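*Asks:* This is the structure, below, for whatever I ask next.
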Amino acid sequence: MKVGVVTFPGSLDDRDALRAVGYMGGEAVSLWHGDRDLHRVDAVILPGGFSYGDYLRSGAIAGHAPVMQAVRDFAAAGGPVVGICNGFQILCEAGLLPGALIRNRHLRFVCKPVHVRVETSTSVLTAICTVGDVLEIPVKDGEGQFVATRDELRTLEDDGLVLFRYCAPSGELEDVANPNGATDAIAGLRNDRGNVVGLMPHPEHAVDPDVGPLGGQPLFQSLLSHALQAVG
């Protein structure tokens, strides 16, 4: 169960993601943005941070990094790919997920625990979850407002591609519970096969009971279970 975590110049949550993989029982493998292969990993995580200083747009340069061609090929073959925060931005910029992430509605950086509601269990990240589950996970972003065209939003809804929505602890959708103004409270997406997922909250910060909420545990359990099945 080897999970590769890509480090880009400016990544800052790569070590947290590596630790979370190990904490949850997987084998964490460091990957570099200049790598042209993925060293036989069973899943890939694109972590949070400020890849390449977030010049141009968040994730725009990273989307063209040498490692991303290997990530595209891996995803096309059905390999699990998870983008967290900046990693979500990279997936959108690389064309692996639709839409874009722009400046938060209130134009302020937000860093706090939030609640997200699971909208589908058909993904490598939510396979052991039940639709309607509410998870507490930290969010920290300045450009976390998800936006998309009307046609893209219609497809996301019609095809069940919304992975998470920001919500109140009760699971109700409330504007006050939407930390960055994301369209339709969208906190995460999956592709149509469910093997490529992106989310703005940080599950890698929510696995250790000594430091915070545990909403990330079922997500890493899902990812590692999928990787184990692929190995088996």
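*Asks:* Please give the Cα centre distance for segment 35-71 versus segment 117-167, rounded to the nearest Å.
*Replies:* 21
*Asks:* Over segment 86-156, give the accessible area per residue in Å² for a 1.4 Å probe, as an integer. Intermediate values should be presented prior to the final figure.
*Replies:* Working: 3200 Å² over 71 residues.
It amounts to 45 Å² per residue over segment 86-156.
*Asks:* Right, next: Share of segment 121-205's accessible area from carbon and sulfur, percent, 1.4 Å? Intermediate values should be presented prior to the final figure.
*Replies:* On the way: 1490 of 3300 Å².
For segment 121-205, the apolar C and S fraction of the accessible surface comes to 45 percent.
*Asks:* Please identify the helices of the chain, taking whole runs of DSSP H, that span at least 18 Å along their own axis as judged from the Cα atoms and have a mean Kyte-Doolittle score of -0.5 or higher.
*Replies:* Working: long enough: 217-231 (21 Å, 0.59).
Flagged H segments are 217-231.
*Asks:* What FRET efficiency do you get for Thr122 and Ala168 if R0 is 35 Å and r is their Cβ-Cβ distance, rounded to the nearest 0.05? All intermediate terms of the calculation are to be shown ahead of the outcome.
*Replies:* Working: r = 24 Å, r/R0 = 0.70.
The value I calculate is 0.90.
*Asks:* Please identify the trypsin sites (Lys or Arg not before Pro) of segment 11-73 that satisfy two criteria: DSSP loop assignment and at most 15 other Cβ atoms within 10 Å. Which are they?
*Replies:* Values: sites: Arg15, Arg19, Arg36, Arg40, Arg57, Arg72; in loops: Arg36, Arg40, Arg57.
In loop regions of segment 11-73 (DSSP not H, G, I, E or B), the sparsely surrounded trypsin sites (Lys or Arg not before Pro) are Arg36, Arg40, Arg57.
*Asks:* Given a 1.4 angstrom probe, I'd like the percentage of the accessible area of segment 24-88 that is carbon and sulfur, rounded to a whole number. Spell out each step's value before the answer.
*Replies:* Values: 1470 of 2710 Å².
On segment 24-88, the fraction of accessible area on carbon and sulfur atoms equals 54 percent.
*Asks:* Can you work out D for the chain in µm² s⁻¹ from Stokes-Einstein, where Rh is the Kirkwood radius over C-alpha pairs, the temperature is 4 °C and the viscosity is 1.567 mPa s? Let's see the in-between values first.
*Replies:* Details: Rh = 17.0 Å.
Once the numbers are plugged in, D ends up at 76 µm²/s.
*Asks:* Where only protein heavy atoms count, and the probe is 1.4 Å, what is the accessible area per residue for segment 170-232 in Å²? Let's see the in-between values first.
*Replies:* Details: 2440 Å² over 63 residues.
Counting only protein heavy atoms, the per-residue value for segment 170-232 is 39 Å².
*Asks:* Sum -39500 (n - 2.57) across every DSSP H segment of at least 4 residues in the chain, then divide by the residue count to get the 222 nm mean residue ellipticity, nearest 500. Could the numbers behind the result be given before it?
*Replies:* On the way: 5 runs with 53 residues, N = 232.
Calculated mean residue ellipticity at 222 nm is -7000 deg cm²/dmol.
*Asks:* How high is the relative contact order of the chain, in percent, with contacts defined as C-alpha pairs under 8 Å that are six or more residues apart? Please list the in-between numbers first.
*Replies:* Working: 579 pairs, mean separation 48.9, N = 232.
Relative contact order, the chain: 21 percent.
*Asks:* Once you sort the root eigenvalues of the Cα gyration tensor of segment 1-93 as a ≥ b ≥ c, which label holds: rounded (a/c under 1.5), prolate (a/b larger than b/c) or oblate (the other case)? Could the numbers behind the result be given before it?
*Replies:* Values: a/c = 1.86, a/b = 1.28, b/c = 1.45.
Judged from the Cα gyration tensor, segment 1-93 comes out oblate (a/c at least 1.5, b/c at or above a/b).
*Asks:* Now, a different point. When the Debye formula is applied to the Cα atoms of segment 56-142, each taken as the same point scatterer, what base-10 log of I(q)/I(0) results at q = 0.15, 0.20, 0.23 Å⁻¹?
*Replies:* -0.70, -1.11, -1.22
The values are calculated or read from the model by the stated rules, or taken from the named source; none is laboratory data. In this text the structure is predicted, and so the values were computed from the model without any measurement. Note that each Cβ is placed from the backbone with ideal geometry, even for glycine, and that neighbours are counted across all protein chains shown. What goes into the accessible areas is simple: the full protein's heavy atoms, side chains included, and nothing from ligands, DNA or RNA. Shrake-Rupley method; radii C 1.70, N 1.55, O 1.52, S 1.80 Å.
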